[in-house]
Amino acid sequence: MATIKRVEVLVTSPGRNFVTVRITTSDGVTGLGDATLNGRELAVAAYIREHIAPILTGRDPQNIEDTWQYLYRGGYWRRGPVTMTAIAAIDVALWDIKGKVAGLPVYQLLGGESRRGALAYGHASGSDIPALFQSVRNHLDEGFKAIRVQSAVPGLGQVYGVAADQKPGKRYDYEPAGRGSAPKEEAWDTRKYLHHIPTVFAALRDEFGYSLPLLHDGHHRMTPNQAAILGKSLEPYDLFWLEDCTPGENQESLRRVRSQTTTPIAIGEIFNSAFDYQTLITEQLIDYLRSSITHGGGITAMKKLMDFAALYQIKSGFHGPTDVSPIGQAAALHLDIAIHNFGIQEYMRHSDDTLKVFRTCYTFEDGLLHPGVRPGLGVDYDDELAEAFPYSPAYLPVNRLQTDGAMHDW
Ligand code: EZ4
Ligand code: CO
């Protein structure tokens, strides 16, 4: 029997910070897992280095479920983003190994293909309507068949998720993490936002018609009643979903939103356990579940969660920002292809530097992503290049209310 011989934690920053786990077996097979927790990267790196790596050596790499339970139950302190990102990284690396040993891509181990490819959505944004239209057109030209739209709000400055000054053909970072010891501060006003956003979607439908699926991310900024107001006011524009309309910790607050609007609801990118979704799923308060594989406990946990959600006709919409590494994105694609209740996959292209360090084989064609047919996850890690991009702290901006400077959700 092969055993786990080595667990390495690799930190690199080709454009943004990524933490990667590499497990090597006594037979020399390696598996990669994504352990990136944006803005809190080194906490996960230390968790794995100090507390997981030493207890994994000598174990059978094939027993993924048992290792997952060993780390989850065995750690005593359950759940939480740091713990679950660490467990996810180990889990995904072991699936990569299992695929390589079997000579099969991971999706084959999960039941094979349920579809030709995973419908992807890209991120368009604009500081005004002409800039936004241009950004949508750029995405259509790139082949996207679904698009998330974020907009600046008159009277507010820079808003998170809106890229400034876009030019066609250039790759934009819609969620730039500023380097430095402290995050940048932005100003927010929910009333201004609530009045402006429906006019943006009205303009988009006038220009692009109704066949294009459009999505929007509220980024936890609303109360349940404000979210109900927004959901209602967006109904005429037929959104694919309204994401993170409220902070998700209080699952019951989604009852108010659900009872007031038929706009589809998606949530969960900051959740890390099936329990975070329990009320949302059993009461059918949402339509799409937004976790990433990287922050949701790995392929093992997310496969179970999606099977549970399937009983309630809730579909996937896995988180795929550029702060999930190409390994995390590949893991999502293997699950997307395999499960029946797939909904949509977020797809922000990684920077060229990121894709040189993480060499992927997934494809994007005719609006659909496919994980590729290489054994395992199909991602390689270039150590030498990775070392040329050293880690430095980087943070996404924070938000304060324009009226009085109180901290708000960003
Ligand atoms: O702000 O990944 O839908 N996507 C998002 C994200 C998150 C970042 C946080 O690290 O809201 O891009
Ligand atoms: Co989001």
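Any residue at all in region 249-256 that's in contact with a Ser or Thr (Cβ under 7 Å, 6 or more places away or on another chain) and within 19 Å of Leu32 (Cα to Cα)?
no
From Leu215, Leu204, grab the single residue that is touching a Phe, Trp or Tyr at 6+ places or on another chain (Cβ under 8 Å) and either within 16 Å of ligand 1 (Cβ to nearest atom) or part of a loop (DSSP other than H, G, I, E, B) (or both). I'd like the intermediate steps shown before the answer.
On the way: Leu204 fails: either within 16 Å of ligand 1 (Cβ to nearest atom) or part of a loop (DSSP other than H, G, I, E, B) (or both).
Selected residue: Leu215, the only one of Leu215, Leu204 that is touching a Phe, Trp or Tyr at 6+ places or on another chain (Cβ under 8 Å) and either within 16 Å of ligand 1 (Cβ to nearest atom) or part of a loop (DSSP other than H, G, I, E, B) (or both).
Find the residue count for region 73-117, including only residues that are surrounded by 14 or more Cβ atoms within 10 Å (Cβ to Cβ) and under 19 Å from Ala53 (Cα atoms).
Filtering region 73-117 down to residues surrounded by 14 or more Cβ atoms within 10 Å (Cβ to Cβ) leaves 75, 79, 81-102, 104-110, 113-115, 117.
Checking which are under 19 Å from Ala53 (Cα atoms) leaves us with 75, 79, 81-98.
Residues flagged as surrounded by 14 or more Cβ atoms within 10 Å (Cβ to Cβ) and under 19 Å from Ala53 (Cα atoms) within region 73-117 amount to 20.
Just give me the residues in region 244-270 being open to solvent by 10 Å² or more (accessible area, probe 1.4 Å) and in contact with a Phe, Trp or Tyr (Cβ under 7 Å, 6 or more places away or on another chain), in sequence order.
Matches in region 244-270: Pro264 only.
Quick check on my filter: what residues within region 379-388 are out of contact with any Asp or Glu (no Cβ under 9 Å at 6 or more places or on another chain) and closer than 26 Å to Ala118 by Cβ?
Matches in region 379-388: Asp380, Tyr381, Asp382.
Any residue at all in region 370-389 that's surrounded by fewer than 19 Cβ atoms within 10 Å (Cβ to Cβ), within 18 Å of the chain's Cα centre (by Cα) and not assigned by TED's automatic domain parsing to the domain that holds Leu71?
no
Would you confirm whether any residue within region 80-102 is assigned to a loop (DSSP other than H, G, I, E, B) and in contact with a strand residue (DSSP E or B) (Cβ under 9 Å, 6 or more places away or on another chain)? Before you say what the answer is, go through the steps one by one.
Kept after step one, since they are assigned to a loop (DSSP other than H, G, I, E, B), are these residues of region 80-102: 80.
The next check asks that each one be in contact with a strand residue (DSSP E or B) (Cβ under 9 Å, 6 or more places away or on another chain); those that pass are none.
No, there is no match, as no residue in region 80-102 is assigned to a loop (DSSP other than H, G, I, E, B) and in contact with a strand residue (DSSP E or B) (Cβ under 9 Å, 6 or more places away or on another chain).
Can you report the number of residues in region 316-353 which are surrounded by fewer than 22 Cβ atoms within 10 Å (Cβ to Cβ) and away from ligand 1 (no atom under 16 Å from the Cβ)?
Total meeting the criteria: 5.
Of the residues Leu311, Leu333, only one is within 12 Å of the chain's Cα centre (by Cα) and away from ligand 2 (no atom under 16 Å from the Cβ); which?
Numbers: Leu311 fails: within 12 Å of the chain's Cα centre (by Cα).
None of the others qualify; the one that does is Leu333.
Can you give me the number of residues within region 18-52 that are open to solvent by less than 20 Å² (accessible area, probe 1.4 Å), of a type outside the set (Gly, Ala, Ser) and not in a helix (DSSP H, G or I)? Outline the logic, then answer.
Keep residues of region 18-52 that are open to solvent by less than 20 Å² (accessible area, probe 1.4 Å), which gives 18-21, 23, 25, 31-36, 39, 41, 44-45, 48, 52.
Remaining after also requiring of a type outside the set (Gly, Ala, Ser): 18-21, 23, 25, 32, 34, 36, 41, 44, 48, 52.
Now narrow it down to the ones that are not in a helix (DSSP H, G or I): 18-21, 23, 25, 32, 34, 36.
Of the residues in region 18-52, 9 are open to solvent by less than 20 Å² (accessible area, probe 1.4 Å), of a type outside the set (Gly, Ala, Ser) and not in a helix (DSSP H, G or I).
Regarding Gly15, is this residue more than 26 Å from Ala274 (Cβ to Cβ), surrounded by fewer than 18 Cβ atoms within 10 Å (Cβ to Cβ) and among the small types (Gly, Ala, Ser)? So that I can check it myself, show each step before the final result.
On the way: more than 26 Å from Ala274 (Cβ to Cβ): yes; surrounded by fewer than 18 Cβ atoms within 10 Å (Cβ to Cβ): no; among the small types (Gly, Ala, Ser): yes.
No.
The values are calculated or read from the model by the stated rules, or taken from the named source; none is laboratory data. If you're wondering where the values come from, they're calculated on a predicted model, not measured in any experiment. With ideal geometry, Cβ positions are generated from the backbone for all residues, glycine too; neighbour counts draw on all protein chains shown. Keep in mind that these areas ignore ligands, DNA and RNA; they rest on the heavy atoms of the full protein, side chains included. Shrake-Rupley method; radii C 1.70, N 1.55, O 1.52, S 1.80 Å.
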